[in-house]
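Peer 1: Questions regarding the structure given below will be posed in turn.
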Amino acid sequence: MLSQDELKQAVAKAAIEYVPFDCIVGVGTGSTANFFIDELAKIKNKIRGAVASSEASAKRLQSHGIEVLSLNDAGDLQVYVDGADEITRHLHMVKGGGGALTREKIVAAASKKFICVCDASKLVDVLGKFPLPIEVIPMARSSVARQLVKLGGQPALREGFTTDNGNLILDVHGLQIMNPVELESTLDHIAGVVTNGLFARRSADVLLLGTPDGVKTMTF
Ligand code: 5RP
């Protein structure tokens, strides 16, 4: 029986197949993305560099001698590889467990292909069991929280955490997200919300799912 880490490693290896020669790669954040960074290090002479979705990923990339470029300098990217906290068969995701959702959404939006790498535990029928992360401007913390309660959620401040952008995270419990595209837009329209962790309007293009029977490739 493979461990969860072995499943993550297997999908990270599989994602390397999606990295074109001589490209700048968009790189996500989290434990699965870390495995991907370690795999990327093995082919670092075949890529021009990477754009990171967090300070943590940038540090790990640099520790392997991979050049980290700003998105402004890199322009649009061919591929973005990242994990997720939950994903459906429609390839809609909840992300932001590591608090990097804003930069993740920006780099994903600038990328032609989003390859999501997950172990099998992340595949769900309905999003929302994993509390939905929302990055908020600090002065709007309470007013955003009240709006979230009106939408049926129970927001909890992520204690002692500040994002790379200097903001706060509210983790919203108790949502059963039947229409992720609509909810993503609704949440984005609350004043003070920087980004919400629903990645439904720009969903993944390919899911590499690590299962005990091997890596499954899913598209929608
Ligand atoms: C970070 C994220 C991650 O992709 C998500 O939390 C999954 O992380 P892991 O690969 O460690 O399970 O969105 O903000």
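Nothing in this text is a laboratory measurement; each read-out follows from the coordinates by a stated rule. All values derive from a computational prediction rather than experimental measurement. FYI the Cβ positions are ideal-geometry reconstructions off the backbone, even for glycines, and counts take in every protein chain you see.
Peer 1: Taking the chain as a Gaussian network, where each spring joins two C-alpha atoms under 10 Å apart, which residue of Phe161, Phe130, Phe199 fluctuates the most?
Peer 2: Fluctuation is largest for Phe161.
Peer 1: So, one more: Quick check on packing: order 105-117, 52-64 by the mean number of other C-beta atoms within 10 Å, highest mean leading.
Peer 2: Peptide ranking by packing, descending: 105-117, 52-64.
Peer 1: Under 10 Å, Cα contacts only: if you run a Gaussian network model on the chain, which one of Asp205, Asp22, Asp73 comes out with the highest mean-square fluctuation?
Peer 2: Asp73
Peer 1: Dipole magnitude of the range 37-106 about its Cα centre, charges +1 at Lys/Arg Cβ and -1 at Asp/Glu Cβ only, in debye to the nearest 20?
Peer 2: Dipole of the range 37-106, to the nearest 20 debye: 160 debye.
Peer 1: Given only helices, namely DSSP H runs of n ≥ 4 each adding -39500 (n - 2.57), what is the per-residue ellipticity at 222 nm of the chain, to the nearest 500 deg cm²/dmol?
Peer 2: Dividing the helical sum by the residues of the chain leaves -8500 deg cm²/dmol.
Peer 1: Pop a pseudo-label 7 angstrom from the Cα along the beta-carbon direction at both Lys216 and Ala109 and give the gap in nm to one decimal.
Peer 2: 3.2
Peer 1: Which value, in debye to the nearest 20, gives the size of the charge dipole of the range 179-220 about its Cα centre, when Lys and Arg are +1 and Asp and Glu are -1 at the Cβ?
Peer 2: Magnitude of the dipole: close to 80 debye.
Peer 1: At 7 Å along Cα-to-Cβ for each site, give me the label-to-label distance between Lys46 and Ser70 in nm.
Peer 2: 3.1
Peer 1: When the chain is fully extended, how far beyond the present Cα-Cα distance does Gln154 get from Asp188, taking 0.36 nm per residue of separation?
Peer 2: 10.5 nm
Peer 1: Any chance you could list P(r) for the chain, counting all Cα-Cα pairs in 5 angstrom bins from zero, rounded to whole %?
Peer 2: 1, 8, 16, 20, 19, 16, 11, 6, 2, 0, 0
Peer 1: Relative to the longest principal axis of the chain, what angle (0 to 90°, nearest 10) does the C-alpha long axis of helix 31-42 take?
Peer 2: The angle comes out near 20 degrees.
Peer 1: May I ask you to order 93-100, 174-181 by the average number of other C-beta atoms within 10 Å around their residues, highest value first?
Peer 2: 93-100, 174-181
Peer 1: Which angle from 0 to 90°, rounded to the nearest 10, does the C-alpha axis of helix 4-15 make with the longest principal axis of the chain?
Peer 2: So the helix axis and the longest Cα principal axis differ by about 60 degrees.
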